[in-house]
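As structure tokens, the structure follows; a few thoughts come after it.
The values are calculated or read from the model by the stated rules, or taken from the named source; none is laboratory data. Predicted, not measured: the structure shown is a model, and the values here were computed from it. Cβ: placed from backbone, ideal geometry, glycine included. Neighbour counts: every protein chain shown. The area values use the complete protein model at the heavy-atom level, side chains included, leaving out ligands, DNA and RNA. Shrake-Rupley method; radii C 1.70, N 1.55, O 1.52, S 1.80 Å.
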Amino acid sequence: MPALRFEDLLQDPDRERDGDRWGAEGRPVLLLNEAGADRSAWWPVAARLADEHAVAVLDLPPSRSLTARAETLAAYVAAMGTRAPVIAGHGPAGLVASLFAARYLAHAVVSIEQRLDEPHHDPDTERALQEITAGPRRLQCRYLAIFAAAPQPGYEAWLQQRLPAAACTTYRTEGDHPHLSDPVRFTDDIRAIAAS
């Protein structure tokens, strides 16, 4: 399905960010694309949400740090000039969404297939995880962690201890793209968290 409207809201001449946008009403929903993935995979989800929400599918620069990508996202949100968004990200994009929410105002974060308790060898990622789960401005908004298969026992309790408004859900789908394997359930979850 082609995008109803294509725009680079920040008028970026270097084409560092690209995005497709649907709808103009309701709480904004930002769908962050995993680096190297084709953002058109999000289009069926965006199309389902566009009747109630202003939806954008965003590619963020993959070669920059998580902090830089969160700042890019902040500039995008500021350019939209809308109320606090629901931000959904798959894999490392879920970390970008979470870091943004720890620093700025978000209505909710939906993190797909990204645990916050796994050690990383990358210092930038470790700093981001520390800021998200134990920083001075820890993430305060609703937080939904979605997995295809159940994470290790104890993860949801660990997460709720650090982010009291967090919840985990398991779709029981094949592969590591539960949001694309069950787009009806995913869009229902997004609508519910946006309305809360």
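Data for the structure
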quantity	calculated
Given (1) at pLDDT 95 or above; (2) in a helix (DSSP H, G or I), number of the condition residue 127 does not satisfy	(1)
Subset of the range 94-121 [in contact with a helix residue (DSSP H, G or I) (Cβ under 9 Å, 6 or more places away or on another chain) and in a helix (DSSP H, G or I)]	95, 96, 97, 98, 99, 100, 101, 102, 103
The range 75-100: number of residues that are open to solvent by 10 Å² or more (accessible area, probe 1.4 Å) and over 22 Å from residue 38 (Cα atoms)	8
Checklist (1) open to solvent by less than 80 Å² (accessible area, probe 1.4 Å); (2) more than 19 Å from residue 32 (Cα to Cα); (3) not aliphatic (A, V, I, L, M) applied to residue 177, failing item	(2)
In the range 130-141, residue modelled with the highest pLDDT [restricted to those that are assigned to a loop (DSSP other than H, G, I, E, B) and open to solvent by less than 50 Å² (accessible area, probe 1.4 Å)]	141
Complete set of residues in the range 178-196 that are of a type in the set (Asp, Glu) and closer than 13 Å to residue 109 by Cα	189
Among the residues listed as 104, 76, the single one being hydroxyl-bearing (Ser, Thr, Tyr) and under 25 Å from residue 123 (Cβ atoms)	104
Residue count for the range 23-41, restricted to those that are of a type in the set (A, V, I, L, M) and open to solvent by 40 Å² or more (accessible area, probe 1.4 Å)	4
Qualifying residues in the range 157-182 (those that are within 12 Å of residue 146 (Cβ to Cβ) and assigned to a helix (DSSP H, G or I)) - the one nearest to the chain's Cα centre (by Cα)	179
Qualifying residue in the range 109-124 (condition: more than 22 Å from residue 152 (Cβ to Cβ), buried (at least 16 other Cβ atoms within 10 Å of the Cβ) and modelled with pLDDT of 90 or more)	no
Residue count, the range 42-73 (criterion: open to solvent by less than 20 Å² (accessible area, probe 1.4 Å), touching a helix residue (DSSP H, G or I) at 6+ places or on another chain (Cβ under 6 Å) and not β-branched (Val, Ile, Thr))	4
In the range 142-156, the residues that are open to solvent by 20 Å² or more (accessible area, probe 1.4 Å) and in a loop (DSSP other than H, G, I, E, B)	149, 150, 151, 152, 153, 154
All positions within the range 54-90 that are at pLDDT 90 or above and assigned to a loop (DSSP other than H, G, I, E, B)	84, 85
